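J.: Starting off with a structure, shown below.
The values are calculated or read from the model by the stated rules, or taken from the named source; none is laboratory data. The shown structure was predicted, so the numbers you read here are calculated from the model rather than taken from an experiment. Don't worry about glycine lacking a Cβ; one is built from the backbone with ideal geometry, like all the others, and counts go over all protein chains shown.
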Amino acid sequence: MAARISVLLFLTFWACSGAGKKVLDHTFPGQVWRDGDTLWADIAVKTAGTTYDLSLEVGLKQDYPWRNLYLMTIWEQPDGFRQTSRIELSFQDETGVWYTRGGRYQVFLVRGGRFGGAGRYRLGLLPYVRADSVPGIRFLKVHLYVQK
């Protein structure tokens, strides 16, 4: 089972390591993400029906206090329509083994997604925790990969 997880993690890291277009690159002052501080990734779509993958990279300090992080995602379409959802990022397994490499955690938020029309889309990321801040967060990066 551990070998299978290692292979899956390697494939995720490998797939996320390409050159995709960086649409968000934020470093946290004091390495703390404050509650209510929504980070926005702007995505300009020129052609309707574009197929894409979207990856998220989170930089963690060694003393990050939890095994996971809940995020609120906010998708805003060019016409202003908003859709929200909650996701969980699991940084450790049940036995305490970290899924990070060098303090970096990478995951795909979207695989094979499509934009319905041309225009400016926005992805908002917001911590969804029962605290006023999330300590131990160094940075967040979002990359867009357009499939040909």
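J.: Quick check on region 129-142. Is at least one of its residues within 14 Å of the chain's Cα centre (by Cα), over 17 Å from GLN62 (Cα atoms) and crowded, with 16+ Cβ neighbours inside 10 Å?
T.: Checked region 129-142: at least one residue is within 14 Å of the chain's Cα centre (by Cα), over 17 Å from GLN62 (Cα atoms) and crowded, with 16+ Cβ neighbours inside 10 Å.
J.: Report every pair of residues separated by at least 6 positions or lying on different chains whose Cβ atoms are under 6 Å apart, first residue within region 64-89 and under 30 Å from GLY102 (Cα atoms) and among the aliphatic types (A, V, I, L, M), second surrounded by 15 or more Cβ atoms within 10 Å (Cβ to Cβ) and modelled with pLDDT under 95.
T.: These pairs meet every condition: LEU71/TYR128; MET72/TYR128.
J.: A follow-up question, please. Which residues, counting only those in region 129-148, are in contact with a Phe, Trp or Tyr (Cβ under 7 Å, 6 or more places away or on another chain), outside any loop (DSSP other than H, G, I, E, B) and within 13 Å of LEU54 (Cα to Cα)?
T.: LEU144, TYR145, VAL146
J.: Now a separate question. Spot the failing condition for THR95; the list is (1) touching a residue at least 24 places away in the same chain (Cβ under 8 Å); (2) exposed (fewer than 13 other Cβ atoms within 10 Å of the Cβ), and only one is missed.
T.: (1)
J.: Let me ask something else about it. If I go through region 51-87 residue by residue, how many of them are under 14 Å from LEU140 (Cα atoms) and buried (at least 16 other Cβ atoms within 10 Å of the Cβ)?
T.: So the count comes out to 10.
J.: State the number of residues belonging to region 104-128 that are of a type in the set (Gly, Ala, Ser) and either part of a strand (DSSP E or B) or surrounded by 15 or more Cβ atoms within 10 Å (Cβ to Cβ) (or both).
T.: 4
J.: Further question on the same structure: Looking at the structure I just gave you, is TYR105 over 21 Å from LEU144 (Cα atoms), in contact (Cβ under 8 Å) with a residue 40 or more places away in the chain and within 16 Å of the chain's Cα centre (by Cα)? Before you say what the answer is, go through the steps one by one.
T.: On the way: over 21 Å from LEU144 (Cα atoms): no; in contact (Cβ under 8 Å) with a residue 40 or more places away in the chain: yes; within 16 Å of the chain's Cα centre (by Cα): yes.
So TYR105 fails the test.
J.: So ALA15 fits all but one of (1) at pLDDT 95 or above; (2) within 18 Å of LYS141 (Cβ to Cβ); what number is the exception?
T.: (1)
J.: If the requirement is being charged (D, E, K, R), farther than 21 Å from THR38 by Cα and either part of a loop (DSSP other than H, G, I, E, B) or in contact with a Cys (Cβ under 8 Å, 6 or more places away or on another chain) (or both), which of these qualifies: GLU94, GLU57?
T.: GLU94
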